[in-house]
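These notes are about the structure you will find just below.
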Amino acid sequence: MGAATQRLARRLWPWVPAIVWALVISVASTEPFASSHTSRIILPVLHWLFPAASSDTLDLLHGFIRKSAHFMEYFLFSYLLLRGMRGERRGWQLRWAIAALAIAAGYSVLDETHQIFVPGRQASPWDSLLDTIGAATAQVVLWLWFRFRARKSIDVVEDVAPVARE
């Protein structure tokens, strides 16, 4: 492999998880993952876990699980997008977070638009909003994580070589 090919592979490799996850999201938008199908698996499990629960309660829990999946899919997607943009660099930058959020939100809109054409599925702007909230939450969590880690590493350095402060 030539040097140019290696550089290209090194730049593209961090994007592979985000691309794979985007494909997972797309598959989850197909007819086999419609509520009518997932209820065949999730509702019996919920009934087994909560045998005294009413049918309405189980349906509510099924809906909660499905909406939680929207949030978590895009939470993870946003993280993987930031990781792709960051490449070999470290830390968190606002421009990476904004770009990751924009890509995730745009993909969410495309995903919901795709569902218009899928039998048994329906598009919902509320689902897209929930997806975007998941993506934004990931960026806030990452910002807090890197901020906490940076502060902690500064404290460690100061323990080793204290800095005079005025």
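The values are calculated or read from the model by the stated rules, or taken from the named source; none is laboratory data. If you're wondering where the values come from, they're calculated on a predicted model, not measured in any experiment. All Cβ positions, glycine included, derive from the backbone under ideal geometry; neighbour counts span all protein chains shown. Surface accessibility is based on the protein's heavy atoms, side chains included, excluding ligands, DNA and RNA. Shrake-Rupley method; radii C 1.70, N 1.55, O 1.52, S 1.80 Å.
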- [ ] Go through (1) in contact with a helix residue (DSSP H, G or I) (Cβ under 6 Å, 6 or more places away or on another chain); (2) in a loop (DSSP other than H, G, I, E, B); (3) modelled with pLDDT of 85 or more and name the single condition Arg89 misses.
- [x] (1)
- [ ] Name the residue, out of Ile42, Ile25, Ile19, that is of a type in the set (A, V, I, L, M, F, W, C) and open to solvent by 70 Å² or more (accessible area, probe 1.4 Å).
- [x] Ile19
Open item on the list: Could you go through the range 142-161 and let me know if any residue there is at pLDDT 90 or above, open to solvent by 30 Å² or more (accessible area, probe 1.4 Å) and out of contact with any Phe, Trp or Tyr (no Cβ under 7 Å at 6 or more places or on another chain).
Closed with: yes
Open item on the list: Condition check: at pLDDT 95 or above and either surrounded by 14 or more Cβ atoms within 10 Å (Cβ to Cβ) or of a type outside the set (Ser, Thr, Tyr) (or both). Does Leu8 satisfy that?
Closed with: no
TODO: For Ala100, state whether it is more than 23 Å from Glu31 (Cα to Cα) and open to solvent by less than 20 Å² (accessible area, probe 1.4 Å).
DONE: yes
Open item on the list: Anything in the range 54-88 that is open to solvent by 50 Å² or more (accessible area, probe 1.4 Å), of a type in the set (D, E, K, R) and more than 16 Å from Trp143 (Cβ to Cβ)? List them, or say none.
Closed with: Asp56, Asp59, Arg66, Lys67, Glu88
